[in-house]
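Worksheet: the structure to be examined is printed underneath.
Nothing in this text is a laboratory measurement; each read-out follows from the coordinates by a stated rule. Only a predicted model underlies this, so the values are computations on that prediction, with no experimental measurement involved. A quick note on method: Cβ atoms are made from the backbone with ideal geometry, for glycine too, and the neighbour counts reach across all protein chains shown.
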């Protein structure tokens, strides 16, 4: 079974631009979560989608948004990029949230560099 | 609110030596606890998790962790380190909304 895939793997943007990252979950998984990883702040939760609805949201500004499609694939968008948005963005999928057996499986990440 | 503390941002061991990576959690509800490993330029890979039941959890690659409620700890151990174990290790807890709350990570170095 294929794992979580993320595209693109690497991205370079300039300040003020916007970017869209894509995540395809493991087949059959319906929940997708996004995390930001930076050297300074570590791993921080962005948001979670389940059945095309945002179920959870972390403490990030409104410039960060996401959505989930009917096939469970998810995208996240960052508008008006800032230098501090440079990070590894990780996507994780799980079968169904809220279950004691629920485990999040991570993709390889998208490395975003903002110049 | 739930939180995780990983003691020691860097741990160095010799090949064949015991690996001990420390994790303490703070939780107001029974926690679900996880250990993930991250190799350079890769995502996170689940090593093991504790949900309920047996407090000694065995994971992949010979790692195990013991949930100690009285000490609010979930330390990761491996009896004999291998060069391939060199990576960054993250302890995590889920809060009552199921999102993962990560510790700051411990980088493990293994010397020959």
How long is the gain from residue A:95 to residue A:115 if the chain were fully straight, where each residue apart is worth 0.36 nm and the alpha carbon distance is subtracted?
3.5 nm
Pseudo-spin-label distance residue B:55 to residue A:9, built 7 Å along Cα→Cβ, given in nm, is 4.3
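Using only the alpha carbons of chain A, what is the convex hull's orientation-averaged projected area in square nanometres?
For chain A, averaging the hull's shadow over all directions gives 6.8 nm².
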Normalised contact order of segment B:6-112, rounded percent, pairs of Cα under 8 Å and 6 or more residues apart:
37
With T = 25 °C, eta = 0.890 mPa s and Kirkwood Rh from C-alpha pairs, the Stokes-Einstein D of chain B in µm²/s is about 175
Modelled FRET efficiency - R0 45 Å, residue B:107 with residue A:52, Cβ distances, 0.05 increments:
0.75
Label zone at residue B:42, where the point sits 7 Å out along the Cα-to-Cβ direction: segment A:6-22 residues whose backbone N lies under 19 Å:
A:6-7, A:9-10
